[in-house]
């Protein structure tokens, strides 16, 4: 025998449990001494009432909608007259609604116990949008009849959810495809007469999937365009206007994501605008970046003023002097950010204020709008302090810095499209390039704070085409 019990069908205050209410209804409807009536007599009374249009019968379910005088003492509880509606499943023996705990002749024990164990999904699990699966749980009981237990599943975002409880196998199931995208706290509760309640919780994340090939016009409610960036007629994003010192970016302001999960993929391409008869890593500057800014969408225009003052900096590095002034005035502060850069130009301390870890184009991880590494050190008093720009070259380059992993990608400058995927997998941040794993690190995962996705790029002194295309974002939305 299988039945569903859902608390939200009852509008009577929580003075009584759902099972108790069903017992009272049938107690009042069937006779003044329902516990002594036979099953056949009670079913006959219900059908007689249906024939008299007092209730309506449809398939296997009878709906009872009436005002019942509840002003009687029933198991030591006084209940005022109320209006309510309840659904009775006729596949279930009527005794199961009337009996309480051990049955009508067996009073409820003083200490009934129920333990609910959720076996799936796991806590903090990100579900698949294509196949979210089932919530599966079992009930352990002591001193209570399993037929008298009511089961209720509730989402913090959606409220009550459809749930199935089998009192024979003591199993509970619920289809998770009911869930909308976002982070849900699922509370699974059991209720029993007269006012016992047990519950357990699990948190799950339903990802939002954003997929675009940039062939359709950008929706200004979802996308913010910075500087020289634009959407090309061919259906991709250009970060510069192919002039020297050009910089731009495009921000997905319409859908920030949480830090609990990350899976983003896209294509990028770099192509020289001019043939300068010098090595490619000197004629294509400066590079591209994908950044998650931990800022509200309303703050992006203010952020732009610190990213596009002059030069390039790949459209993600904040200008220190101007930022320091804003911080002193209290108008802006350095935000948290997580950047994966694709550096196309080899900087050395002989010509620039910092040294890249390799002459080749490379992927590197950086944070909070800093471009030059190292950017902090420990002073004589043990304080973590920022290194002045003019002093950066006095420190060794971050060739083996675990906080700033990097990997060479020599073919980035060939003008072809290359596939990039960035994921958090089993506690590791993983970056793959053309299907090959380039970076894997557990140390830096905590630095990812979620936020607004931004593509950016800049050409520095040498113009170039810096392109993004085919975005797939499969993460948990805020």
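The alpha-carbon atoms of region 418-469 define a convex hull whose volume equals 125 cubic angstrom per residue.
Mean projected area of the convex hull spanned by the Cα atoms of region 203-336, taken over all viewing directions: 10.3 nm².
Neighbour counts of C-beta atoms inside 10 Å place 247, 114 in the sequence 114, 247, starting with the fewest. Panel order for 111, 228, by other beta carbons found within 10 Å of each beta carbon, from fewest to most: 111, 228.
With the cut-off at 32 Å, report for region 208-475 the share of all Cα pairs above it, as a whole percent. The answer is 17 percent, as a whole percent.
Annotation: extensible slack from residue 171 through residue 350 equals 57.4 nm (criterion: 0.36 nm per residue apart, minus Cα-Cα distance). Distance between the modelled labels on residue 180 and residue 271, one decimal in nanometres: 4.3 nm (7 Å Cα→Cβ projection). Working from label points 7 Å from Cα in the Cα-to-Cβ sense, the residue 115 to residue 156 distance is 2.6 nm. Note on region 190-250 and region 318-345: Cα centroid distance 22 Å, given to the nearest whole angstrom.
Sorted ascending by nearby beta carbons within 10 Å, beginning with the fewest, 285, 302, 245 become 302, 245, 285.
Taking each residue as 0.36 nm, the span from residue 211 to residue 255 lengthens on full extension beyond its C-alpha to C-alpha distance by 14.6 nm. So what does log10 I(q)/I(0) come out to for region 297-434 at q = 0.21 Å⁻¹, using the Debye formula with one equal point on every Cα and no solvent? Each listed q corresponds, in turn, to -1.47. Packing, as the average of other Cβ atoms within 10 Å across residues, places the peptides 364-372, 156-164 in the order 364-372, 156-164, highest first.
Computed from the Cβ-Cβ distance with R0 of 30 Å, the FRET efficiency linking residue 445 to residue 379 stands at 0.60. Each of residue 221 and residue 426 was given a label point 7 Å from its Cα along the Cα-to-Cβ line. The distance between the two points is 4.2 nm.
Bear in mind these aren't lab numbers, they're just calculated from the coordinates by the rules spelled out. Nothing here was measured: the structure is a model prediction, and the numbers come from that model. FYI the Cβ positions are ideal-geometry reconstructions off the backbone, even for glycines, and counts take in every protein chain you see.
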